[in-house]
Amino acid sequence: MPDPRPHLGEPLALDLLNTRWMDNGPRDLLTDVTGLGIWLTSAGLAEQATADEPTLAAVLEARAAIYDVVVSGMRETRTHAALNAVLDHGRIRRALRASGPVAEPEVATAARLPGWLAAENLLELLAEAPDRIRQCAHEQCVLFFYDTSKNGTRRWHSMSTCGNRAKAARHYSKKS
């Protein structure tokens, strides 16, 4: 089954947040293990994780923690505990292989891997450029994106959808 979400291709942490969207009302891909399987496949994690109830519970826990940090910002220490609880289930294990140095995720259980990877990805985004993690500026959109534009002024998850809607609304309001 194809991924029904309107916006794909964001970094893993934001892609997980984008499993909730608006389409004639709120939609949530992660209401069951079938939706989880779609997300795991879309995120490139299907070979590393199983779409089952324990994985779904761990992914939902991670999504809630990531959402709280992204929406409130890094400065709200009350949101750190939930994200740190997700991160406590794993670590990066460094090793030297014949091909060279590697950094491999090591998690307590396989069910924790997708959520842990998303939480770890959020830390990378926060370290790189926290101000580039954004929610779409359209008032009826709940999607998130990582602004990779040169000047860092992107406002919409997609110019072809939310950006055009906003421009059309401005245009029609000027005509009336």
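Residues of region 123-164 that are closer than 22 Å to Ala64 by Cα, charged (D, E, K, R) and modelled with pLDDT under 90: Glu139 alone. In region 90-100 there is no residue that is among the hydrophobic types (A, V, I, L, M, F, W, C), surrounded by 20 or more Cβ atoms within 10 Å (Cβ to Cβ) and at pLDDT 95 or above.
Look at region 95-146 and say how many of its residues are of a type outside the set (Val, Ile, Thr), in contact with a Cys (Cβ under 9 Å, 6 or more places away or on another chain) and either assigned to a helix (DSSP H, G or I) or in contact (Cβ under 8 Å) with a residue 40 or more places away in the chain (or both). First the steps, then the outcome.
Looking only at region 95-146, we keep the residues that are of a type outside the set (Val, Ile, Thr), and these are 95-101, 103-106, 108, 110-132, 134-141, 143-146.
Adding the requirement that they be in contact with a Cys (Cβ under 9 Å, 6 or more places away or on another chain) leaves 135-138, 140-141, 143-145.
Subsequent filtering for residues that are either assigned to a helix (DSSP H, G or I) or in contact (Cβ under 8 Å) with a residue 40 or more places away in the chain (or both) retains 135, 140-141, 143-145.
Going through region 95-146 one residue at a time, the tally reaches 6.
Report, by residue number, each residue of region 13-26 that is farther than 19 Å from Arg154 by Cα and either more than 15 Å from the chain's Cα centre (by Cα) or part of a helix (DSSP H, G or I) (or both). Those that are farther than 19 Å from Arg154 by Cα and either more than 15 Å from the chain's Cα centre (by Cα) or part of a helix (DSSP H, G or I) (or both): Leu16, Met22, Asp23, Asn24, Gly25, Pro26. Looking across region 16-52 at every residue that is farther than 19 Å from Ala65 by Cβ, at pLDDT 95 or above and among the acidic types (Asp, Glu), the one that is most open to solvent (accessible area, probe 1.4 Å) is identified as Glu47. Among the residues of region 119-143, those that are under 15 Å from Met74 (Cβ atoms) and among the charged types (D, E, K, R) comprise Glu124, Glu128, Asp131, Arg132, Arg134. Give the residues of region 53-70 that are surrounded by fewer than 20 Cβ atoms within 10 Å (Cβ to Cβ) and among the hydrophobic types (A, V, I, L, M, F, W, C), sorted by residue number. If the condition is that a residue be surrounded by fewer than 20 Cβ atoms within 10 Å (Cβ to Cβ) and among the hydrophobic types (A, V, I, L, M, F, W, C), then Ala57, Leu60, Ala64 are the ones that fit. Considering (1) modelled with pLDDT of 95 or more; (2) in a helix (DSSP H, G or I); (3) out of contact with any strand residue (DSSP E or B) (no Cβ under 8 Å at 6 or more places or on another chain); (4) open to solvent by 20 Å² or more (accessible area, probe 1.4 Å), the lone condition that Ala81 does not fulfil carries the number (1).
Could you pull out the residue among Asn84, Asn24, Asn18 that is polar (S, T, N, Q) and under 27 Å from Ser149 (Cα atoms)?
Numbers: Asn84 fails: under 27 Å from Ser149 (Cα atoms); Asn24 fails: under 27 Å from Ser149 (Cα atoms).
On inspection, the qualifying residue turns out to be Asn18.
The values are calculated or read from the model by the stated rules, or taken from the named source; none is laboratory data. Only a predicted model underlies this, so the values are computations on that prediction, with no experimental measurement involved. A quick note on method: Cβ atoms are made from the backbone with ideal geometry, for glycine too, and the neighbour counts reach across all protein chains shown. The protein model used for the area step is the full one, side chains on, heavy atoms only, and it has no ligands, DNA or RNA in it. Shrake-Rupley method; radii C 1.70, N 1.55, O 1.52, S 1.80 Å.
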